[in-house]
Amino acid sequence: MDFFATYGVMLVITAAVVGFFMAWGIGANDVANAMGTSVGSKALTIKQAIVIAMIFEFAGAYLAGGEVTSTIRKGIIDSAMFVNNADLLVIGMISALLSAAIWLAVASYLGWPVSTTHSIVGAIVGFAAFGVGMDAVNWGKVGGIVLSWIVTPALSGILAYVIFMSAQRLIFNTKNPLENAKKYVPFYMFLAGFIMSLITIQKGLKHVIKSSDFAISTFETYLYAVLVGLLVALVGKYFISKIKMDPKADKKMHFNNVEKIFSVLMVITACCMAFAHGSNDVANAIGPLAAVVSIVANDGEIAAKSTLAWWILPLGGFGIVAGLALFGHRVIKTIGTGITHLTPSRGFAAELAAATTVIIASGTGLPISTTQTLVGAVLGVGLARGIAALNMGVVRNIVVSWVITLPIGAGLAIICFVILKAIFGIA
């Protein structure tokens, strides 16, 4: 095609810049999923959280982000509709990246935790429906995403409520909280080790495992997760048993010591969630970018899968880190302190519930937003203390931001699509 011969280099450079901007938006907004509760519960300072997240998010994105990515994320549009219009697909993907990045930057500035996945999906739906036709969109997939607005926060909220209330009844609301912590916390440690192992393997290392000689079955995955859970529980039990407390100390002192134990657990879960998030959600930025690079390199031929050029994963990783460092503190503050008051035990309940929901969703194929999952979990922990424990103004803003993400992404993508078509002279 003459179009790709003429504009190929310019298209790739434009897509790379916009892809970096999108990754920046992911870092600025979505990373609060992993770190917001740790900061809100004071298990970590905001500076510590940002440094830890930068390390694990980049490691996840670069080491386990995948060598091959789907040309069109989540099967939202039918690539067959673009076989004779590859130029429209390339312009559309750049438009989708740019519009999603703009929305994420605005939402991050306002401190709204929105879904990066839903942002890019809304943008892709917008340009496809406008540029090719309504038939180009898989509306069944879009309906599943809308349904997930209700299902995933509700599920994670219920799980967080159950985990938190169990800790209250077994440990905090007893005559001797520290002794009961020594008895029951190893069980929570086993759960954390088990779920975080599954998260790391299934969501974090899946690309590495699939593309190597170390492919493991589902049974082996769960076996390794159980073994890691047992190891974490045994190590934890040993260190907890070393904690000595004056029998005459008041209950507040006992509570503080128990919360310190949960603080350690929170840091571990936050690191695993950051690694899994970096490896999984970097595709929201590099998927469309890889599609553009692949189509340009193949002179307009559209492949179902795109092999990543060597520079794409580092670009995504650095973009995530840059966004987190510059703007991440705003959304971290909303998640950590805006919704409800968090302690390490409450934050741990929320993180474990969110991680469990991600695993359940992965197994059932339910489309999921990690943002909505964690916010739902924090709401569940807050509700355990009564509706008055929630800042309903913040909750209302968050829910509104979720609902408008898809249409705003679509609207911005249409505007960007029209402008880019004019710039590149496409009729």
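Data overview
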| item | result |
| --- | --- |
| Members of Lys244/Lys333; Lys141/Lys203; Lys182/Lys333; Lys47/Lys252; Lys47/Lys175 lying beyond 30 Å, as alpha-carbon distances in this model show | Lys244/Lys333; Lys182/Lys333; Lys47/Lys175 |
| Karplus-derived 3J(HN,Hα), 6.51/-1.76/1.60, for each residue of the stretch 224-236, Hz, glycine and proline x | 4, 5, 5, 5, 5, x, 5, 5, 4, 5, 5, 5, x |
| Proximal aspartates and glutamates to Lys251, defined as alpha-carbon separation beneath 14 angstrom and excluding residues fewer than eight positions away on the same chain | Glu179, Glu259 |
| Rg and Dmax [Cα atoms of the stretch 319-427; Å; Rg one decimal, Dmax integer] | 18.1, 59 |
| Theoretical FRET efficiency, 1/(1+(r/R0)^6), r = Cβ-Cβ of Glu179 and Thr45, R0 25 Å, to 0.05 | 0.25 |
| Overall Cα dimensions of the stretch 102-184 - principal axes, largest extent first, Å | 67, 31, 16 |
| Projected label distance in nm at Ala297 and Val146, using a 7 Å step from Cα toward the beta-carbon | 3.8 |
| In Hz, Karplus ³J(HN,Hα) per residue of the stretch 286-292 (6.51, -1.76, 1.60; θ = phi - 60°; x = Gly, Pro) | 8, x, x, 5, 4, 4, 4 |
| Proxy reagent accessibility, fewest Cβ within 10 Å first, across Met54, Met189 | Met54, Met189 |
| Ile404 versus Ile216: modelled label distance in nm, points set 7 Å from Cα along the beta carbon direction | 4.5 |
| Note, ³J(HN,Hα) from phi for the stretch 178-193, Karplus 6.51, -1.76, 1.60, rounded to Hz, x at Gly and Pro | 5, 5, 5, 5, 4, 7, 9, 4, x, 5, 5, 5, 4, 4, 4, x |
| Degrees separating the helix 86-110 axis from the principal Cα axis of the chain, which is the longest one | 40 |
| Val83-Tyr109 FRET efficiency (beta carbon distance; Förster radius 35 Å; 0.05 resolution) | 0.30 |
| Rg [Å, one decimal], Dmax [Å, integer] - the stretch 2-423, C-alpha atoms | 22.2, 84 |
| Least to most buried among Arg385, Arg396, Arg346 (fewest other Cβ within 10 Å first) | Arg396, Arg385, Arg346 |
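Here, each number is a calculation from the coordinates, and none is a lab measurement. Remember, predicted model here, so these are calculated numbers, not experimental data. Quick reminder, even Gly has a Cβ in these numbers, built from the backbone with ideal geometry, and neighbours come from all protein chains shown.
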